[in-house]
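The values are calculated or read from the model by the stated rules, or taken from the named source; none is laboratory data. Everything numeric here is computed off the predicted structure, so don't read it as measured data. Cβ: placed from backbone, ideal geometry, glycine included. Neighbour counts: every protein chain shown. Accessible surface is based on the protein model in full, side chains and every heavy atom, while ligands, DNA and RNA are left aside. Shrake-Rupley method; radii C 1.70, N 1.55, O 1.52, S 1.80 Å.
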Amino acid sequence: MTKICPSLVRVGRPNESPDGSREVGTSLSAVLERITYANDETGYTIARVATERTGSELLTVVGPLLGAQVGESLRLHGRWGSHPRYGRQFEVWSYTTVLPATVQGIRRYLGSGLIKGIGPKMAERIVDHFGTDTLDIIEKEPQRLSEVPGLGPKRTKMIAAAWDEQKIIKEVMIFLQGVGVSTSIAVRIFKQYGEASISVVKGQPYKLADDVWGIGFKTADTIAQAVGIPHDSPERVKAGLRYTLSQAADDGHCYLPAPNLAGDAVKILEVPADLVTACLEDLVAEEGVVREHIPAGDNLVPAVYLPPFHRAELSLASGLLSLLRGGHDRLAGFADVDWERAESWLHRQTGAELAPEQRQAVRLALTEKVAVLTGGPGCGKSFTVRSIVLLARARRARVILAAPTGRAAKRLAELTGHEATTVHRLLQLRPGGEATFDRDNPLDADLVVVDEASMLDLLLANKLVKAVAPGTHLLFVGDVDQLPSVGAGEVLKDLLAADDIPRVRLTQIFRQAKESGVVVNAHRVNTGHHPVLEGMKDFFLFPCEEPEEIAALTVDVVARRIPRRFGLDPRRDVQVLAPMHRGAAGAGALNTALQESLTPARDGMPERRYGGRVFRVGDKVTQLRNNYDKGAAGVFNGTVGIVTDIRPDEHKLTVLTDEDEAVDYAFDELDELAHAYAVSIHRSQGSEYPAVVIPLATSAWMMLQRNLLYTAITRAKKLVVIVGSRRALAQAVRTKGAGRRHTSLTHRLSTR
């Protein structure tokens, strides 16, 4: 089957080098033995191969090899070269896979995990039985596989079907190679459209960006231009406008002002402004986007929304106001309660007394049908929520507790002694993202409490509010000074800015919390003051400057120093939180280094490479997108787990999530997983870890902002270690951060 190289790396024609010159290359036949390094972003790969010429000595090859699997026979096209340090090597421009002809080659090929149902041991049995005729037998007489001991009808059918699928996909792959599509993207296109893949790619290339996860406008645009779509095609410009709005949503905005949208689109598309303006008018007329004039200061702004965000903002505002102003009250008994007596009872139950701000918050939650509780670490949010739940349950109220992530839900349950769940599981989201619980089928609850509400984006908040029945009390709890949600909107901040929404902000730091360097320094950073670094037992700075030095020291701190000093498990208890993904001290590079330190390759243990990542049993991983078809009720972006099993013959691995659910992933679904030894600070929202390690390099200068550092510090329960530059730390403390997102929820809550 022909393999192709990622679109990020130019694949030369047989007589063309990557720089486009007409240099005549040479071909090399080899078996891929080991991948030493692979970069997902650039496609650059360093690998070791065996050839007839080199015998048992392995040869180094470098270039675009992502998609090739260990054990495959390859025909490499490129040129010979020499590295000053590593010596003679072959520079790959392009490659194809070829079917092996020898018994040893066939055994290695089948045992590499390419064909579902065949692992190394089964490959050996099949090849021992059929010899060099093995591949012909699978191709022409697959029923004969049942002659092999241990191969029953079920697995024989599975192998035959997998082989046929490879044949069908071959034609699609060859076509997509010509338009610069990577192997992993090509597989996704085929899974979406099947045999119609070629006609869709040729006729509707921009449809790929809407239908296929992992394909954005830029990839679709590259394909479109390769199949002859004109640069100034209205179809292209409209797709570019939608892409610009989609990118804005990824950056947190619910809409863009029309001038901003047009200006950004002109830069991206490199077409005249009047063409962009005309296509925007067409999109509005076609209802592909919504334009509405909304207040911004003293002016009216022509706001352009993608329809889902416009609908959600209107619906969320309407739903909150309906709850707040509705006549029915499922906790009406608290309207005339004897609060002094109730608080005395609470004191006996908990052994602690509520502070004045906390008493106000308890009363507000139980007498107002929508309320917000906010405050920083050490200010007693958790104890306040526990008190609210205790009083509600004492009146036999039905209480539901939820949080955006599994870790946050677990913590909420531990703090309150009451069951808690994720918002996604609470709503029972179905494939496609629709919720089982909604306006027509609301939750049966008297009180709904949502913790870590700063993580709620507009779309999820809208789904939640739609599921809350009239008369139910809804309490949002969160720290508004943390980073806003990863998704579009800043719901918690917008609620606090709306005059009609009751709220309490806890500001008093309790005595016990004042003894914690984590709490003290979180508040210092949040107010623009440098953290105290001397004399703290739970807050440390390891100063160093260069990103490579920061990365090496971070690995040492996680893998050796913290476990030795504090007895914490480096995988379960310690989390690296990086400002950026890229760079030597970014989450990507740190994941590779931490994996090699904590979960190295072991003889006899299966592993699976996907693109630039290799997955091993014991790896800490995270889900990269919402997948409503996985697990009992979906697996959602940010879910963390541990790889517990890899089964090459079944083409599957299993992850035990932080919600204690075992979830299977087919090998062609591994683009949904990334390693999570290190994650970006944005991805850590809603989670809490015993220890947090924060690498800070000046190379992340644009990301070094106060709320980013504050969020990272507040993820730690017991210990914070900053590894990096004092200058980078100072920059993060003094930089207030990005301005407000483009949202209109506060306005909609204030004008009804």
Round to the nearest 10 and give me the degree value, 0 to 90, for the angle of helix 356-367's Cα axis relative to the longest principal axis of the chain.
-> 80
Note down the accessible area of D336, probe 1.4 Å, to the nearest 10 Å².
-> 130
Per residue accessible area in Å² of the stretch 436-476, where ligands, DNA and RNA are left out and the probe is 1.4 Å | 28
Full-extension gain in nm, E147 to A161, via 0.36 nm per residue minus C-alpha separation | 3.3 nm
Surpassing 19 Å at the alpha-carbon level, of the pairs K116/K620; K202/K267; K514/K717; K238/K463; K121/K652; K207/K630, are K116/K620; K202/K267; K238/K463; K207/K630
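Which shape class applies to the stretch 260-318: rounded if a/c is under 1.5, otherwise prolate when a/b exceeds b/c and oblate if not, where a ≥ b ≥ c are the square roots of the Cα gyration tensor eigenvalues?
Working: a/c = 2.39, a/b = 1.61, b/c = 1.49.
Prolate, since a/c reaches 1.5 and a/b exceeds b/c.
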Relative to the present Cα-Cα distance, how much length would full extension add between A335 and L533 at 0.36 nm per residue of separation?
-> 66.4 nm
So what does M158 come to for accessible area, using a 1.4 Å probe and Å² rounded to 10?
-> 70
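Given the DSSP H assignment, sum -39500 (n - 2.57) over each helix run of at least 4 residues in the chain and divide by its residue total; what's the result at 222 nm in deg cm²/dmol, nearest 500?
When only DSSP H runs of four or more count, the value is -11000 deg cm²/dmol.
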Would you list E286, E72 from the most to the least accessible area, probe 1.4 Å?
-> E286, E72
So what are the three principal axis dimensions of the stretch 380-476 from its Cα atoms, in whole Å, longest to shortest?
-> 37, 27, 19
Solvent-accessible heavy-atom area per residue, rounded to whole Å², over the stretch 173-326 at 1.4 Å | 44
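What does the charge count around K410 come to, taking other residues whose C-beta lies under 14 Å from its C-beta (Lys +1, Arg +1, Asp -1, Glu -1)?
Within the 14 Å Cβ shell, the charges total -4.
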Pseudo-spin-label distance R393 to S199, built 7 Å along Cα→Cβ, given in nm, is 5.9
R0 of 30 Å, Cβ-Cβ distance L99-S246: FRET efficiency to nearest 0.05 | 0.10
For the stretch 613-712, with +1 on Lys and Arg beta carbons and -1 on Asp and Glu, the positive-most of H682, I646, G634 along the dipole = H682
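Let's see if you can work this out: charge +1 on each Lys and Arg Cβ, -1 on each Asp and Glu Cβ, no other charges. What is the dipole magnitude of the stretch 625-752 about its Cα centre, in debye to the nearest 20? Display every interim value, and only then the final one.
On the way: 17 positive and 14 negative charges, 335 e Å.
Result for the stretch 625-752 is approximately 1620 debye, rounded to the nearest 20.
Taking the radius of gyration and the Kirkwood hydrodynamic radius from Cα positions alone, what is the Rg/Rh ratio for the stretch 184-240, to two decimal places? Mind dumping the intermediate values first?
Working: Rg = 10.6 Å, Rh = 11.2 Å.
Expressed as Rg/Rh, it is 0.94.
Please give the per residue volume of the convex hull enclosing the alpha carbon atoms of the stretch 578-730, rounded to a whole number of Å³.
Details: hull volume 18.4 nm³, N = 153.
Enclosed volume per residue, from the Cα hull, is 120 Å³.
Rounded to the nearest percent, how much of the accessible area of the stretch 611-720 (1.4 Å probe, protein heavy atoms only) is carbon and sulfur? Walk me through the numbers before you get to the answer.
Details: 1540 of 3250 Å².
Heavy-atom surface of the stretch 611-720 belonging to carbon and sulfur, 1.4 Å probe: 47 percent.
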Roughly how much of W213 is accessible, in Å² to the nearest 10, using a 1.4 Å probe?
-> 90
What fraction of the DSSP beta bridges in the chain is antiparallel, stated in percent and rounded to the nearest 5?
-> 60
Tilt relative to the chain, helix 547-556 - C-alpha long axis, 0 to 90 degrees, to 10 = 80
Measure nothing but the geometry: give the 0 to 90° angle between the long axis through the Cα atoms of 307-325 and the longest principal axis through the Cα atoms of the chain, rounded to 10°.
-> 20
Spacing of the two label points (7 Å from each Cα toward its C-beta) at H293 and D210, in nm = 3.0
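Give me the extension gain from V617 to R572: residue separation times 0.36 nm, minus the current Cα-Cα distance, reported in nm with one decimal. Could you put the intermediate results ahead of the total?
Details: separation 45, 0.36 × 45 = 16.20 nm, distance 1.43 nm.
Additional length available on full extension: 14.8 nm.
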